[in-house]
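Notes for the one structure printed next.
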Amino acid sequence: MGTLVGVLVPVARGMGHLDFRPAPDMTATISADNTAVSKGDTVTLTVTHLNGGGSEAGAVVVDIELPNELKVTSVVPGTPACSQAGKLERFASQEVGEITGEWGGIMKCLLGTRKMGAQGSVIIEVEVGEVTDGASLDIDVWLSTYQTDNVAKDEDVWANNCMSLQLVAGSSAGSSTGRTLECNSLAFISRSIEVETIEEAFTPGEPLTLVVTHENVGGLDAEEVAIDIWLPNELTAGKLLQFVDERALTGDPTCSHPNQLEEFASEGKGRITDTPGGALTCIVGSRTIGAQAEIEIQADVANVVSGSTINVNVCARRELDARAATSDCRMLAVPVKESS
């Protein structure tokens with residue numbers, strides 16, 4: 001009989017065998033052709049991405065967050081890869097190369113599966129608007145990836161997925177290379193927060209409906225997350241209309257207010273509070289990758305000045321933290337209708 005030398009190691013992933021390759025490792029960098037800018041300038045931003053790991057990276061998404069002083073004029077590639085559409089599910093209905101023409105906002109690029117060693121670039125041209133001499137304009141890049149049906153491994157190194165580049169208004173140039181941003185699951189949830197109103201503006205004496213949505217768009221589960229909806233003194237949290245939560249890992253979602261009424265405190269229904277202002281805190285627990293939630297509340301409006309603007313802040317934080325970081329908050333500015 002012959003001698004069997006060596007060991008056969010199964011690596012055919014398509015047949016359900018083990019995959020011993022290292023995890024994927026996506027990195028993102030950002031640069032600009034000019035970092036000292038003035039009104040009317042056109043700046044070309046280049047965001048590069050690379051899978052330097054040992055296996056495929058699944059469902060790669062790059063978000064490029066622009067300050068309000070910049071407006072996108074072109075992007076390569078266009079849709080379906082990149083678009084300023086607000087929701088991923090809207091991409092299929094957008095025209096090729098859709099650019100909103102609005103100042104600020106997010107350019108979202110869906111890159112799909114990236115093979116080991118795959119690299120590429122997203123090139124964006126932006127116009128500079130009104131700027132104050134010496135002002136800093138920060139452009140943030142967030143790259144997320146997660147396991148799919150066809151990709152066996154999650155990424156386990158996230159420190160190099162998020163970068164920021166600073167432009168400076170005036171003659172003093174900003175940094176020519178990006179700096180690393182803190183890149184964790186809470187940061188991805190806070191970035192996904194959207195705050196909207198069903199009404200276009202406040203009408204004094206009538207209720208206002210606030211809709212808060214958020215999603216874990218990163219590639220890691222998030223543990224013990226709380227959402228704080230901070231209301232100004234012109235608003236009173238009247239009723240919790242709905243709290244729809246998808247794919248939470250633990251427990252039922254609950255909301256509370258420091259001055260909540262007894263029925264709401266004990267049964268989670270009825271009027272929330274009669275006290276203006278304060279924060280409605282909703283404990284959303286642990287969040288799986290892709291978990292989404294929507295909180296809808298009806299607020300009473302009082303003591304508003306016609307033609308003014310009211311700000312509502314929504315923040316994500318760890319449940320055990322006393323307060324959210326400023327970077328983990330999003331603000332909605334709602335105008336008050338002029339008196340007729």
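Does G238 satisfy being on the phi > 0 side of the Ramachandran plot and more than 27 Å from the chain's Cα centre (by Cα)? Talk me through it step by step, then tell me what you get.
Values: on the phi > 0 side of the Ramachandran plot: no; more than 27 Å from the chain's Cα centre (by Cα): yes.
Considered against the rule, which asks whether it is on the phi > 0 side of the Ramachandran plot and more than 27 Å from the chain's Cα centre (by Cα), G238 comes out as no.
Kindly indicate which of L235, L241, L280, L231 is touching a residue at least 24 places away in the same chain (Cβ under 8 Å), farther than 30 Å from D154 by Cβ, crowded, with 21+ Cβ neighbours inside 10 Å and out of contact with any Gly (no Cβ under 9 Å at 6 or more places or on another chain).
Details: L235 fails: out of contact with any Gly (no Cβ under 9 Å at 6 or more places or on another chain); L241 fails: crowded, with 21+ Cβ neighbours inside 10 Å; L231 fails: out of contact with any Gly (no Cβ under 9 Å at 6 or more places or on another chain).
After ruling out the rest, the residue left standing is L280.
Would you say C162 is in contact with a strand residue (DSSP E or B) (Cβ under 8 Å, 6 or more places away or on another chain) and modelled with pLDDT of 85 or more?
Values: in contact with a strand residue (DSSP E or B) (Cβ under 8 Å, 6 or more places away or on another chain): yes; modelled with pLDDT of 85 or more: yes.
For C162, the condition - in contact with a strand residue (DSSP E or B) (Cβ under 8 Å, 6 or more places away or on another chain) and modelled with pLDDT of 85 or more - is met.
Please specify each residue of region 294-334 satisfying the condition of being closer than 17 Å to L186 by Cβ and part of a strand (DSSP E or B). Give the steps one after another, and end with the answer.
Step one: of region 294-334, the residues closer than 17 Å to L186 by Cβ are 313-330.
The answer is N313, V314, C315, A316, R317, R318, C329, R330.
For N160, all conditions in the list (1) in a strand (DSSP E or B); (2) in contact with a Cys (Cβ under 9 Å, 6 or more places away or on another chain) hold save one; what is the number of the exception?
(1)
Within region 119-152, track down each residue that is farther than 19 Å from N216 by Cβ, in a loop (DSSP other than H, G, I, E, B) and among the charged types (D, E, K, R). Steps first, please.
Our first condition is that a residue be farther than 19 Å from N216 by Cβ; within region 119-152, this holds for 119-139, 150, 152.
With in a loop (DSSP other than H, G, I, E, B) added as a condition, the list becomes 129-135, 150, 152.
Within region 119-152, E130, D133 qualify.
With surrounded by 14 or more Cβ atoms within 10 Å (Cβ to Cβ) and in contact (Cβ under 8 Å) with a residue 12 or more places away in the chain as the only criterion, which of K337, K269 stands out?
Details: K269 fails: surrounded by 14 or more Cβ atoms within 10 Å (Cβ to Cβ).
Testing whether each residue is surrounded by 14 or more Cβ atoms within 10 Å (Cβ to Cβ) and in contact (Cβ under 8 Å) with a residue 12 or more places away in the chain leaves just K337.
Scan region 186-212 and report the pairs whose first residue is within 24 Å of I283 (Cβ to Cβ) and whose second residue is modelled with pLDDT under 85 and among the small types (G, A, S), with Cβ atoms within less than 7 Å and a gap of 6+ or a chain change.
Cβ pairs passing all conditions: L186/A222; F188/S144; F188/G218; I189/A222.
Anything in region 55-73 that is modelled with pLDDT under 90 and either hydroxyl-bearing (S, T, Y) or more than 29 Å from S327 (Cβ to Cβ) (or both)? List them, or say none.
Across region 55-73, the qualifying residues are S55, E56.
Please count how many residues of region 264-293 are part of a strand (DSSP E or B) and charged (D, E, K, R).
Filtering region 264-293 for residues part of a strand (DSSP E or B) gives 271, 273, 278-293.
Restricting the remaining residues to those that are charged (D, E, K, R) gives 271, 287.
Here the count works out to 2.
Which condition breaks for L332 when tested against (1) surrounded by 15 or more Cβ atoms within 10 Å (Cβ to Cβ); (2) modelled with pLDDT of 90 or more?
The one condition L332 does not meet is (2).
T288 is checked against (1) over 16 Å from P207 (Cβ atoms); (2) surrounded by fewer than 18 Cβ atoms within 10 Å (Cβ to Cβ); (3) out of contact with any Leu (no Cβ under 8 Å at 6 or more places or on another chain) and fails just one. What number does that condition carry?
(3)
What tally of residues in region 30-83 results from selecting those that are part of a strand (DSSP E or B), of a type in the set (V, I, T) and either more than 21 Å from the chain's Cα centre (by Cα) or not assigned by TED's automatic domain parsing to the domain that holds I123 (or both)? Walk me through it before giving the result.
To start, the set of residues in region 30-83 that are part of a strand (DSSP E or B) comprises 30-32, 36-37, 42-51, 57-76, 82-83.
Okay, now just the ones that are also of a type in the set (V, I, T), so 30, 37, 42-44, 46-48, 60-62, 64, 72-73, 75-76.
Within this subset, residues satisfying the condition of being either more than 21 Å from the chain's Cα centre (by Cα) or not assigned by TED's automatic domain parsing to the domain that holds I123 (or both) are 37, 42-44, 73, 76.
Selection size over region 30-83: 6.
Considering only residues that are of a type in the set (G, A, S) and farther than 22 Å from V305 by Cβ, look in region 196-236 and name the one that is modelled with the highest pLDDT. Walk me through it before giving the result.
Of all residues in region 196-236, those of a type in the set (G, A, S) come to 201, 205, 218-219, 222, 226.
Next, from what is left, pick out any that are farther than 22 Å from V305 by Cβ: 218-219, 222, 226.
Details: G218: 66, G219: 62, A222: 76, A226: 90.
The selected residue is A226.
The values are calculated or read from the model by the stated rules, or taken from the named source; none is laboratory data. All values reported here derive from a predicted model rather than from experimental measurement. No Cβ is skipped: glycine too gets one built from the backbone with ideal geometry, and neighbour counts run over all protein chains shown.
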